[in-house]
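Heads up: the structure comes next, in C-alpha cells.
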Amino acid sequence: MREDEMLASWDETLALLDAYESLLSDAQKETLTLYFRFNLSLSEIAEERGTSRTAIFDAIKKGVAKLRHYESCLGLAKKTLAAERSMELLKNDGQPIEALQLLEEAFNEEKGDTHGI
C-alpha cells in the first residue's frame, strides 16, 4: 500500500471511528482509540492490555471491519463529510449550487439493508 493510500485509509478510519464509536464495545473502542487517535504501537497496546500483539492486531482488524460495515449500511460518515464540505463551499467559495449537489448526492444515495447491523 502506498503512503498516500495508507494515510487516506487512516483518515477514513478516524472518520468512521468518530461516527460509530458508540456502537463498539468498550474494549473495541479503547483499542481503536489507542491505535488510531493516540498512535500507540501494537506492542504498547498489548503491554497495557496484558495480551499479545497478535490479539491486538486481530482486535483492530475486526473493529475496523465492523466500522466499515456500519458505514456501508448507514453512510453516516459520508453524509457528515458531505455536510462539512458543503459548509466550506458556502462559507469560503460562495457556491450554493455545488454545495447543494454534494448534499443531494450524499443523502439521496440508497444504502444497503440495515438489518445486519
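Provide the FRET efficiency to the nearest 0.05 for the residue 51-residue 12 pair, computing r from the beta carbons and using R0 = 25 Å.
Using R0 = 25 Å, I get an efficiency of 0.45.
Separation between the residue 33 and residue 61 pseudo-spin-labels, each 7 Å from Cα along Cα→Cβ, expressed in nm?
Each label point is offset 7 Å from its Cα along the Cβ direction, giving 2.5 nm.
Which shape class, rounded, prolate or oblate, goes with region 1-74 when its Cα gyration tensor gives a ≥ b ≥ c as root eigenvalues, a/c under 1.5 marks rounded, and past that a/b bigger than b/c marks prolate?
Oblate.
Of the listed peptides 88-98, 20-30, what is their order by residue-averaged count of other C-beta atoms within 10 Å, with the highest listed first?
20-30, 88-98
Readers should treat all values here as calculations from the given coordinates under stated rules, not as data from a laboratory. Just so it is clear, the structure is predicted and the values come from calculations on it, not from any experiment. Using ideal geometry, Cβ is built from the backbone for each residue, glycine included, and neighbour counts are taken over all protein chains shown.
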